[in-house]
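Asks: Dropping a structure here in structure tokens format, bear with me for questions.
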Amino acid sequence: MANSVWSDKILRLLRRMNSFYSPDSCRAACFRFEIEGVQVGWIPPRVASLLTRYPEVFNAPHGGAVSLCHHLDSDKKRSEAVEAVLQALRQEGSLSRLRGWRDEKYDVMPKFSVPPLMWMERAATSLFGVKRYGVHINGYVVSDSGEVSMWLARRSPHKQTYPGLLDNVVGGGLAAGIGIKQTLVKECQEEACIPAAIAEKARPVTTISYTYQDDGEVFAECQFVFDLELPLEFKPRVGDGEVQDFYLLSIDKVKELLSTDDFKPNSSMVVLDFLIRHSYIEPDTEPFYQDFVAGLHHELE
């Protein structure tokens, strides 16, 4: 039987990362965010009330939804109009989230496979509950005897989010107009000095989806997950300063760390999926096996 304390901690982590679906979440009070009749997110009531001050951009809440005005009939018009509103709110300090403005544009779309309806500043996405996409890589090595070890990164203490916590060897958000593989190769080079010739060998294996609430905001995310077997002699190096160090750890040690507060939550989900797929966690010995799998793949509706 698996360690029940470890299992309970992992289950609590997954519940926290899917807290938007819990009975006591803010979901019932949120408004659907719609563009041309298509839902692309969830807007908390506090944000919706501020948007009513901009009737030339946002229609007043109706039928449980906040929508963009019909005259904004192109992705460019929508993006620029919403950007102007966000800049105004940023200047007046109405929403603390906008203090973390990054000048990074994220696509807004109902599904990843369809053309984006607009783009939005990354720092604002949780105010509208739009889904953010990213790429995460499980970097690992296999010894001559077949033993698997995993590379983990320690985030810089100066990062805006989760400073100083353990992370996947490489991870990054998908900016507007940038492809998945292109992002993977770029982040590998920038964060860990992994050459393109090695990074391009990464294998796409799954996606991790979850939605959580924090301080009345909605974080809907999907990570494209890759496995990358690194050469035994290769050691990742700090590149752009987003990471302070890299560690090569045994699978047992990585598994132990997953249940601690020392690990970035969504990255621990990516590693948990690795452990399940590579049979380090098995249904005969893990009582919460099905709960783990379900908690890693919870799509926002």
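The values are calculated or read from the model by the stated rules, or taken from the named source; none is laboratory data. The shown structure was predicted, so the numbers you read here are calculated from the model rather than taken from an experiment. Because the Cβ atoms are built from the backbone with ideal geometry, glycine has one as well, and the counts that use them run over all protein chains shown.
Asks: Kindly evaluate Asp291 against the criterion of being touching a residue at least 12 places away in the same chain (Cβ under 8 Å), of a type in the set (D, E, K, R), part of a helix (DSSP H, G or I) and crowded, with 21+ Cβ neighbours inside 10 Å.
Replies: no
Asks: Inspect all residues belonging to segment 218-234 and state whether any of them is touching a residue at least 12 places away in the same chain (Cβ under 8 Å), assigned by TED's automatic domain parsing to the domain that holds Asn266, within 28 Å of Asp291 (Cα to Cα) and not in a strand (DSSP E or B).
Replies: Scanning segment 218-234 turns up no residue that is touching a residue at least 12 places away in the same chain (Cβ under 8 Å), assigned by TED's automatic domain parsing to the domain that holds Asn266, within 28 Å of Asp291 (Cα to Cα) and not in a strand (DSSP E or B).
Asks: Tell me, which residue of segment 126-152 that is among the hydroxyl-bearing types (Ser, Thr, Tyr) and in a loop (DSSP other than H, G, I, E, B) is farthest from the chain's Cα centre (by Cα)?
Replies: Applying the filter and picking the extreme gives Ser145.
Asks: Please state which one of Ala84, Ala123 is in the same structural domain as Phe58 (by TED's automatic domain parsing), in contact (Cβ under 8 Å) with a residue 24 or more places away in the chain, surrounded by 14 or more Cβ atoms within 10 Å (Cβ to Cβ) and not in a loop (DSSP other than H, G, I, E, B).
Replies: From the options Ala84, Ala123, the qualifying one is Ala123.
Asks: Taking the residues in segment 176-208 that are assigned to a loop (DSSP other than H, G, I, E, B) and surrounded by fewer than 18 Cβ atoms within 10 Å (Cβ to Cβ) as candidates, determine which candidate is modelled with the lowest pLDDT.
Replies: In this case the residue turns out to be Gly177.
Asks: While we're here: Go through the residues of segment 153-163 one by one and say whether even a single one is not assigned by TED's automatic domain parsing to the domain that holds Phe219 and not in a loop (DSSP other than H, G, I, E, B).
Replies: no
Asks: Condition test on Met118, is it under 30 Å from Ala81 (Cβ atoms), out of contact with any Phe, Trp or Tyr (no Cβ under 6 Å at 6 or more places or on another chain) and crowded, with 24+ Cβ neighbours inside 10 Å?
Replies: So Met118 passes the test.
Asks: Being of a type outside the set (D, E, K, R), under 23 Å from Gln213 (Cα atoms), touching a residue at least 40 places away in the same chain (Cβ under 8 Å) and outside any helix (DSSP H, G or I), is that true of even one residue in segment 46-69?
Replies: So far as segment 46-69 goes, no, none of its residues is of a type outside the set (D, E, K, R), under 23 Å from Gln213 (Cα atoms), touching a residue at least 40 places away in the same chain (Cβ under 8 Å) and outside any helix (DSSP H, G or I).
Asks: Further question on the same structure: So, of the residues in segment 253-288 that are touching a Leu at 6+ places or on another chain (Cβ under 6 Å) and in a loop (DSSP other than H, G, I, E, B), which turns out to be nearest to Asp167 (Cα to Cα)?
Replies: Lys264
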